[in-house]
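Student: Quick one: structure below, then a few questions.
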Amino acid sequence: MLSFSRLMPLAITLALLGGVLAVASKNMVVDLDLFHEMSLYRQMESEGSMPTTDAFAYTPTNETVVHHEWGTGAVIYLVTVSTGWGASALVALKYFLSFAVCFGCFFYAKKQGATLAVFSILAPFALNLGGWMAFNNIRAQLFTLLFLVILFFLLDLDRRGKRWWVLIWFPLFIIWSNMHGGVVSGMGILGVYCFAQLVEAALETRSPLKTLHQVWHLIVIGIATLLLLIVNPYGWEYIPYLYRAVSMDRPLILEWRPIWEIRLPLIYGISVLIAAYAIWREGRTSLFQSMAIILTAYLAAKHYRHGSLYAVTWACMVPPMIERSGLGREIRNMFDNYRAQITVTAFSIALIATGYSINVRFWELKIPNQISSTQKPEVIYPAGAADYLSGQNLEGELNLFVPFSAGAFVQWKLHPQVKVSIDSRYEVAYPDQAIVENNDFYKAKEGWQATLNRYDTHAVLVPVNSPLGELLTQNESLIAKQIGWASVYKDKGFALYVPKKDLDKFPSIDRTDESIQGVFP
């Protein structure tokens, strides 16, 4: 008969794996950015070179379009479309990357001295802080998290005097910078490490020359890393784009708001207190780790989307620091004294987490066409409207005014027959005012009617649950008479409007009694 001493590590491991699976499967809706990333790669493959001007919108766009996530689109397109494996491949890639990030955090923390006991107590904080943003289907940010963990391992090699890590870092950095603008976080962590090593060398040697001798290789690596930013299809233009993307405000994008305005302020606060305790206990002995935690905690406080960067850094750095503290000793004693209870609890957590994952069908991607009564995703896609338009014999290009969250899906499904007014590329392709105008239009703010005449718009896609959708539903005949537009298509999620003079070109279809689910890809 197995003793609890042998069963406990297995139970804890299964609980951690179940927790990762549950958090990763909580949102199975395809991420909206994935569609414009794949659209770009499809265009690039068709043209044989990287396009630097926009081909998807009929509204004004930036003169040069620098798409920092083009590499992510290439990977996803090749894995899902080129192979023909579609949704199954995307799900597999999502879980591979998600578990790779989590395993990486655990093995890094273990390498720095953390035990399974301490890590398992602290891991839920990181999962809750970063899982919602990180484990989507699939965001380019997920690649950034994986590269960030790899960077931590590489910097640990440098600390141990093994300089060959740069042979991995340089190609990794080039790949990273072509997959996501989150490469800036890698540059920041590298900069923090260089500064920490400089301070430690200065305090140890008390000599500028000896200090320089110890850190000169890091100075060279830092300069070379900056120069490698131009190794991309856009060359030098990538650098001013990155500066604009990092420095601009995005008040209308939920994930760019402070973490306490969105969710999890209590968990974030507790995590900061635990980290502060760990930093206080460690003192100067863990300068780099402390600075990395402080930097990413600040970024998370400022913008919720950076909570995943903080979560990964926290999971890697805090458990080893806590392990060496009095709190770590208390946690180990608790695990030694309550083996049976902890084993039963861990097995229960593993079963509950697995049951939840099965209940939400963790293997099944979703492209919802309407808000669900049980799971309310923030994004719904005009799958029915796209099917409707693809079935029409369109003469020439159709300019379709769309919501911010629907544009990429429409361009993926209907380009080049249909051009959109906006999509979630945001600063990549559009001037700052574009999203404000789009937001005001669908909120039916004063002057929304004028937007219809501002551009050469041929049709308008309206979410039925938006303020504009509700206004049109309640007063359709009156509004239609005022603006000269009428609906030709309706379902539970969207309605499609065209000018009355074009009604003979579009058959009227009502699918409000149907349940529509989109298909990937």
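Student: Residue pairs, Cβ under 7 Å, 6 or more apart or interchain, first in the stretch 507-521 and assigned by TED's automatic domain parsing to the domain that holds Gly493 and over 30 Å from Trp85 (Cα atoms), second surrounded by 12 or more Cβ atoms within 10 Å (Cβ to Cβ) and at pLDDT below 90. List them.
Tutor: Short answer, once both residue conditions are applied: none.
Student: Only one of these is assigned to a helix (DSSP H, G or I) and either in contact with a Cys (Cβ under 9 Å, 6 or more places away or on another chain) or aromatic (Phe, Trp, Tyr) (or both): Ile223, Ile150, Ile219. Name it.
Tutor: Ile219
Student: Moving to a separate point now. Out of curiosity, is Val460 closer than 30 Å to Met179 by Cα and of a type outside the set (Lys, Arg)?
Tutor: Here the answer is no, as Val460 does not meet what is asked.
Student: Right, something else. Would you check if Arg139 is surrounded by 23 or more Cβ atoms within 10 Å (Cβ to Cβ) and charged (D, E, K, R)?
Tutor: yes
Student: What's the number of the only condition in (1) surrounded by 23 or more Cβ atoms within 10 Å (Cβ to Cβ); (2) of a type in the set (Gly, Ala, Ser); (3) assigned to a loop (DSSP other than H, G, I, E, B) that Ala123 fails to meet?
Tutor: Result: Ala123 passes all but (3).
Student: Of the residues Phe520, Phe494, Phe506, Phe441, which is under 23 Å from Ala57 (Cα atoms), over 35 Å from the mean Cα position of the chain (by Cα) and of a type in the set (Phe, Trp, Tyr)?
Tutor: Just a single option satisfies the conditions, and that option is Phe506.
Student: How many residues are farther than 12 Å from Leu129 by Cβ and free of Cβ contacts under 8 Å to residues at least 12 places away in the same chain if we restrict to the stretch 236-283?
Tutor: Residues flagged as farther than 12 Å from Leu129 by Cβ and free of Cβ contacts under 8 Å to residues at least 12 places away in the same chain within the stretch 236-283 amount to 11.
Student: While we're looking at this one, here's another question. Name the residue that is farthest from Ser49 (Cα to Cα), counting only residues in the stretch 63-83 that are without any contact (Cβ under 8 Å) to a residue 40 or more places away in the chain and of a type outside the set (Ser, Thr, Tyr).
Tutor: Step by step, filter the stretch 63-83, then rank; the result is Val79.
Student: Then there's this: Do we have any residue at all in the stretch 339-357 that's out of contact with any helix residue (DSSP H, G or I) (no Cβ under 6 Å at 6 or more places or on another chain), within 17 Å of Leu273 (Cα to Cα), part of a helix (DSSP H, G or I) and free of Cβ contacts under 8 Å to residues at least 24 places away in the same chain?
Tutor: Scanning the stretch 339-357 turns up no residue that is out of contact with any helix residue (DSSP H, G or I) (no Cβ under 6 Å at 6 or more places or on another chain), within 17 Å of Leu273 (Cα to Cα), part of a helix (DSSP H, G or I) and free of Cβ contacts under 8 Å to residues at least 24 places away in the same chain.
Student: Report yes if Val66 is at pLDDT 95 or above, of a type outside the set (Phe, Trp, Tyr), touching a Phe, Trp or Tyr at 6+ places or on another chain (Cβ under 8 Å) and crowded, with 23+ Cβ neighbours inside 10 Å, otherwise no.
Tutor: Against the criterion (at pLDDT 95 or above, of a type outside the set (Phe, Trp, Tyr), touching a Phe, Trp or Tyr at 6+ places or on another chain (Cβ under 8 Å) and crowded, with 23+ Cβ neighbours inside 10 Å), Val66 qualifies.
Student: Please enumerate the residues belonging to the stretch 21-54 that are among the β-branched types (Val, Ile, Thr) and in contact (Cβ under 8 Å) with a residue 40 or more places away in the chain.
Tutor: Those that are among the β-branched types (Val, Ile, Thr) and in contact (Cβ under 8 Å) with a residue 40 or more places away in the chain: Val23, Val29, Val30, Thr52.
Student: Let me ask something else about it. Taking the stretch 453-482, which residues are loosely packed, with under 12 Cβ neighbours inside 10 Å, modelled with pLDDT under 90 and either hydroxyl-bearing (Ser, Thr, Tyr) or assigned to a loop (DSSP other than H, G, I, E, B) (or both)?
Tutor: Matches in the stretch 453-482: Ser477 only.
Student: Looking at Leu146, Leu116, Leu129, which one is surrounded by fewer than 24 Cβ atoms within 10 Å (Cβ to Cβ), among the aliphatic types (A, V, I, L, M), farther than 28 Å from Ala340 by Cα and touching a residue at least 12 places away in the same chain (Cβ under 8 Å)?
Tutor: The conditions single out Leu146.
Student: Same structure, new question: Name the residues in the stretch 428-452 that are over 21 Å from Thr473 (Cβ atoms), touching a helix residue (DSSP H, G or I) at 6+ places or on another chain (Cβ under 9 Å) and either without any contact (Cβ under 8 Å) to a residue 40 or more places away in the chain or among the β-branched types (Val, Ile, Thr) (or both), would you?
Tutor: Val428, Ile435, Glu437
Student: Looking only at residues that are at pLDDT below 85 and touching a helix residue (DSSP H, G or I) at 6+ places or on another chain (Cβ under 7 Å) in the stretch 261-272, which one is nearest to Ala123 (Cα to Cα)?
Tutor: Leu264
Student: Out of Ala22, Ala74, Ala55, I need the residue that is among the aliphatic types (A, V, I, L, M) and more than 27 Å from Leu229 (Cβ to Cβ). Which one?
Tutor: One residue alone meets the criteria, Ala22.
Student: What are the residues in the stretch 188-213 that are without any contact (Cβ under 8 Å) to a residue 12 or more places away in the chain, in contact with a helix residue (DSSP H, G or I) (Cβ under 6 Å, 6 or more places away or on another chain) and of a type outside the set (Val, Ile, Thr), if any?
Tutor: Ala202
Student: Hey, does the stretch 25-48 have a residue that's of a type in the set (Gly, Ala, Ser) and either under 30 Å from Ala353 (Cβ atoms) or in the same structural domain as Ile435 (by TED's automatic domain parsing) (or both)?
Tutor: So far as the stretch 25-48 goes, yes, one or more of its residues are of a type in the set (Gly, Ala, Ser) and either under 30 Å from Ala353 (Cβ atoms) or in the same structural domain as Ile435 (by TED's automatic domain parsing) (or both).
Student: Report those helices (runs of 4 or more DSSP H) wholly inside the stretch 360-447 carrying at least 3 residues which are under 30 Å from Tyr241 (Cβ atoms) and touching a strand residue (DSSP E or B) at 6+ places or on another chain (Cβ under 9 Å).
Tutor: Fully inside the stretch 360-447 and qualifying: 407-414, 432-442.
Student: Okay, next question. For the stretch 364-384, state whether one or more residues are surrounded by fewer than 14 Cβ atoms within 10 Å (Cβ to Cβ), more than 22 Å from Thr80 (Cα to Cα), modelled with pLDDT under 95 and in the same structural domain as Thr451 (by TED's automatic domain parsing).
Tutor: Checked against the condition, which is being surrounded by fewer than 14 Cβ atoms within 10 Å (Cβ to Cβ), more than 22 Å from Thr80 (Cα to Cα), modelled with pLDDT under 95 and in the same structural domain as Thr451 (by TED's automatic domain parsing), the stretch 364-384 yields no hits at all.
The values are calculated or read from the model by the stated rules, or taken from the named source; none is laboratory data. Bear in mind that the values here come from a model prediction, so they are computed numbers and not experimental data. In this analysis, Cβ positions are derived from the backbone assuming ideal geometry, glycine residues included, and neighbour counts consider all displayed protein chains.
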